[in-house]
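Here the structure is laid out as structure tokens; the discussion comes afterwards.
The values are calculated or read from the model by the stated rules, or taken from the named source; none is laboratory data. Treat the numbers as computed from the prediction; the structure is a model and nothing was measured. Note that we place each Cβ from the backbone using ideal geometry, even for glycine, and neighbour counts take in every protein chain shown. To get the accessible areas, we keep the full protein, side chains included, count just its heavy atoms, and leave off ligands, DNA and RNA. Shrake-Rupley method; radii C 1.70, N 1.55, O 1.52, S 1.80 Å.
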Amino acid sequence: MKKKLGLYFSLFYILFVSLFRVSIFAASEQISIDIKAGIAYKGTGYVPQIAVWTEDENGKFIETLYITESEGKGKYFGAIRRKEALPVWRNKHNHNKKKEKLDGVAGASSQKSFQVVKTINNYPEKFSLFLEVNKSFDYNNYFDKNLKSGEKGHNTGYSGQPSLVYQVSFGKRENINSKNPVKRMEVIGHGSPTGKDGEINENISKLTTALQIIDEISVVVR
């Protein structure tokens, strides 16, 4: 009888500790995103528009962590909206059933490398972080200006080269008091040059200076 009680107590203790640890992960964590500007960050005289958001392992939108002010408020050179600027994020944001207020995450476009630090609450054990970046007037030989609809490289607005999308995924994290490894975000594709949808095109062979807007993105969750 004592052995059984001891076994039950041990199992209960293990379960309690596991649940307690998971509750720490889920309740509140801090995510730090270091964005290092590349050589083309201000190459056209304009700083880029950037969106940072999270999704669960099934691709369901969780929340926006950061958005540059022009995109967040929809004010570009007098235009109300530029659907081709950050189409992947915009599509996710617009189709999110829970209406999201951007006032708390919108910020002025940075003139240099910068850091985004946010507290994330009640996150699933597995999630992905995305960053989308685009810079106005960033044309090249393929994504040239004044191309007509149907022509290869056709783009609208002021974009030139389409937005570039980065991603990094997270699984089980260590205790919030432990030192967690730094992860690097990797390019996974580009958005629509005309903003027609929120699809990600994996072929980045026609992009040039767009790949030099950001040099490196490092992320830590603790």
Restricting to helices (runs of 4 or more DSSP H) lying wholly in segment 1-103: which have 2 or more residues that are at pLDDT 80 or above and among the basic types (Lys, Arg)? 87-94
Can you tell me how many residues in segment 109-142 are over 16 Å from LEU86 (Cα atoms) and either open to solvent by less than 40 Å² (accessible area, probe 1.4 Å) or among the acidic types (Asp, Glu) (or both)? 9
What tally of residues in segment 111-145 results from selecting those that are within 24 Å of PHE170 (Cβ to Cβ), out of contact with any helix residue (DSSP H, G or I) (no Cβ under 9 Å at 6 or more places or on another chain) and either among the acidic types (Asp, Glu) or at pLDDT below 90 (or both)? 0
When (1) modelled with pLDDT of 95 or more; (2) open to solvent by 30 Å² or more (accessible area, probe 1.4 Å) are applied to ARG222, the one that fails is (1)
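Looking at GLU186, GLU174, GLU202 in this structure, which one is out of contact with any strand residue (DSSP E or B) (no Cβ under 6 Å at 6 or more places or on another chain) and either at pLDDT 95 or above or closer than 16 Å to VAL133 by Cβ (or both)?
Details: GLU174 fails: either at pLDDT 95 or above or closer than 16 Å to VAL133 by Cβ (or both); GLU202 fails: out of contact with any strand residue (DSSP E or B) (no Cβ under 6 Å at 6 or more places or on another chain).
Testing whether each residue is out of contact with any strand residue (DSSP E or B) (no Cβ under 6 Å at 6 or more places or on another chain) and either at pLDDT 95 or above or closer than 16 Å to VAL133 by Cβ (or both) leaves just GLU186.
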Only residues in segment 16-41 that are closer than 26 Å to GLU132 by Cβ and aromatic (Phe, Trp, Tyr) count as the first member; pair them with residues that are modelled with pLDDT of 50 or more and in a helix (DSSP H, G or I), Cβ under 9 angstrom, at least 6 apart or cross-chain, and list the lot. TYR41/GLN212
2 or more residues among the aromatic types (Phe, Trp, Tyr), closer than 28 Å to ASP56 by Cα and free of Cβ contacts under 8 Å to residues at least 60 places away in the same chain: qualifying strands (runs of 3 or more DSSP E) within segment 124-222: 164-170
Can you name the number of the only condition in (1) touching a Phe, Trp or Tyr at 6+ places or on another chain (Cβ under 7 Å); (2) farther than 25 Å from LEU207 by Cα; (3) of a type outside the set (S, T, N, Q) that VAL117 fails? (1)
